[in-house]
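Down below is the structure, laid out as structure tokens.
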Amino acid sequence: MPKIKSLDDLRRIREEAQQDLRVRLETGTRIIVGMGTCGIAAGARDVMRAILEELDRRKIDAHVETVGCIGMCSCEPLVDIEQAGHARVTYRNIKPHMVPRLIEEHLINGRVVEEWVVGRLPAS
Amino acid sequence: MRELALHILDVLENAVEAGATRITLTIEEDSSCDRFTFTVRDNGRGMPPELAARVLDPFVTTRQTRHVGLGLPLLAAAAERAGGGVQVRSEPGRGTEVSATFRLRHWDRAPLGDLPGTLLALILGKEGVHLTYLHRVDGREFRLDTAELRQALGEVPLTHPSVRRWLQEYLREGIAGLERPVE
Ligand SMILES: Nc1ncnc2c1ncn2[C@@H]1O[C@H](COP(=O)(O)OP(=O)(O)O)[C@@H](O)[C@H]1O
Ligand code: FES
Ligand SMILES: [Mg+2]
């Protein structure tokens, strides 16, 4: 099977993407996925993938990053959502199938999904 | 862990935790020697010899507050179960190399699993890290270097949705091509 994708594709993507770059940098949403050993063993990698796919599907712009172990094994996978001017909310035991609701409620409707919350940090 | 790719992600995350800015992942599969080896080399803070010598020991603590390791002992157990083992070489201030070997056809060897997912979690989750990935299967080779991608992309970040979609496909095709050689 010949290779279909090549680095040349990136130059085309670059041209297309440059146009919406300015718009994309504005929104200040960060989603942080715990990627320590327990997180990985509990499925954090697949949760991250589900988050990226859901953001894509809904055309939401957010920065998704990973963080190491914070010593809350039984709560993994942990997902934090931080939005400018809001408390940073930590959600526990997030599975890929929970991601669409999490994104819809928290990011679109602006409502924290209380039953999945394990902690909060006040807005800085 | 159900997949070798999850162990690989765990070792990559160790490198990130150690402050590495450059990480090299090499995977070598050789069916004639019945060997599967992955090696992660980083330029992080390294470990003093006393620590490097005992990171593979299964932990016996209860890990209530400050646990000592879990990931590497799990990896060592998985490798040993599959007729292999783990080697750790580290130099404080310079970096670390962790290498795990498995017998390729051993009954207890976990499948490789979602390696593209593992690489994406690292590349997208830790944008500052420069990753070189080299994968050889019976002489066929696939490689990816995030510095090359960045150069092609200019100011467009790797996390851009179009780039991410491309990366996912690129990795999927590249790795699948290794397993199913061109005739
Ligand atoms: N690549 C690395 N560079 C420096 N230190 C490391 C590296 N990998 C592991 N270590 C050290 O070994 C310890 C145990 O690693 P590991 O078994 O993965 O458990 P954990 O990452 O949960 O602490 C780490 O806490 C760290 O001190
Ligand atoms: S080892 Fe980090 S949360 Fe359990
Ligand atoms: Mg670890």
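The values are calculated or read from the model by the stated rules, or taken from the named source; none is laboratory data. None of these values were measured; they are calculated from a predicted model. Here the Cβ positions follow ideal geometry from the backbone for every residue, glycine too, while neighbour counts run over all protein chains shown.
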Seminar exercise, completed: Picking from B:Ile123, B:Ile175, the residue that is under 19 Å from the mean Cα position of the chain (by Cα), within 14 Å of another protein chain (Cβ to nearest Cβ), touching a residue at least 40 places away in the same chain (Cβ under 8 Å) and more than 18 Å from B:Glu13 (Cα to Cα) would be B:Ile175
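Rundown of residues vs (1) in a strand (DSSP E or B); (2) of a type in the set (Val, Ile, Thr); (3) more than 14 Å from the chain's Cα centre (by Cα), yes/no style:
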position	(1), (2), (3)
B:His7	no, no, no
B:Asn14	no, no, no
B:Leu25	yes, no, no
B:Ser32	no, no, yes
Exercise. If you scan the stretch B:16-48, which residues turn out to be in contact (Cβ under 8 Å) with a residue 60 or more places away in the chain and within 16 Å of ligand 2 (Cβ to nearest atom)?
Worked result: B:Val16, B:Ala18
Exercise. Which one of these does A:Asn109 not meet: (1) more than 9 Å from every other protein chain (Cβ to nearest Cβ); (2) away from ligand 1 (no atom under 16 Å from the Cβ); (3) of a type outside the set (Val, Ile, Thr); (4) under 15 Å from the mean Cα position of the chain (by Cα)?
Worked result: (4)
Exercise. Could you say which residue among B:Ala77, B:Ala100, B:Ala52 is of a type in the set (A, V, I, L, M, F, W, C), out of contact with any Asp or Glu (no Cβ under 6 Å at 6 or more places or on another chain) and within 16 Å of ligand 2 (Cβ to nearest atom)?
Worked result: B:Ala77
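Here is a yes/no grid of residues against (1) buried (at least 16 other Cβ atoms within 10 Å of the Cβ); (2) more than 16 Å from B:Thr37 (Cα to Cα); (3) among the polar types (S, T, N, Q):
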residue	(1), (2), (3)
B:Arg94	no, yes, no
B:Ala100	yes, no, no
B:Arg105	no, no, no
B:Leu153	yes, yes, no
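Would you check if there is a residue in the stretch A:41-59 being at positive phi and at pLDDT 90 or above? Spell out how you get there, then give the answer.
Looking only at the stretch A:41-59, we keep the residues that are at positive phi, and these are A:43, A:59.
Then keep just the ones that are at pLDDT 90 or above; that gives A:43.
Within the stretch A:41-59, one or more residues are at positive phi and at pLDDT 90 or above.
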For this session: Kindly indicate whether any position in the stretch A:91-114 is closer than 21 Å to B:His7 by Cβ and within 16 Å of ligand 3 (Cβ to nearest atom).
Result: no
For this session: Note down all Cβ pairs under 7 Å where the first residue falls in the stretch B:73-94 and is within 14 Å of chain A (Cβ to nearest Cβ) and within 14 Å of B:Val11 (Cα to Cα), the second is in a strand (DSSP E or B) and within 14 Å of ligand 3 (Cβ to nearest atom), and they're at least six residues apart or on different chains.
Result: B:Leu75/B:Val86; B:Leu75/B:Ala100; B:Ala76/B:Val86
Problem set entry | Residues being away from ligand 1 (no atom under 16 Å from the Cβ) and without any contact (Cβ under 8 Å) to a residue 40 or more places away in the chain - total across the stretch A:55-83 | 7
Exercise. Which ranges mark the helices (runs of 4 or more DSSP H) fully within the stretch A:23-105 that have 1 or more residues being surrounded by fewer than 18 Cβ atoms within 10 Å (Cβ to Cβ) and more than 13 Å from chain B (Cβ to nearest Cβ)?
Worked result: A:99-102
Exercise. Cβ-Cβ below 8 Å, separation at least six or inter-chain, first residue in the stretch A:1-21 and within 7 Å of chain B (Cβ to nearest Cβ), second at pLDDT below 80: which pairs?
Worked result: A:Met1/B:Arg180; A:Met1/B:Val182
Exercise. If you take the residues in the stretch B:1-42 that are modelled with pLDDT of 95 or more and among the basic types (Lys, Arg), which one is nearest to ligand 3 (Cβ to nearest atom)?
Worked result: B:Arg41
For this session: Go through the residues of the stretch B:142-158 one by one and say whether even a single one is more than 21 Å from A:Asp8 (Cβ to Cβ), free of Cβ contacts under 8 Å to residues at least 60 places away in the same chain and in contact with a strand residue (DSSP E or B) (Cβ under 9 Å, 6 or more places away or on another chain).
Result: no
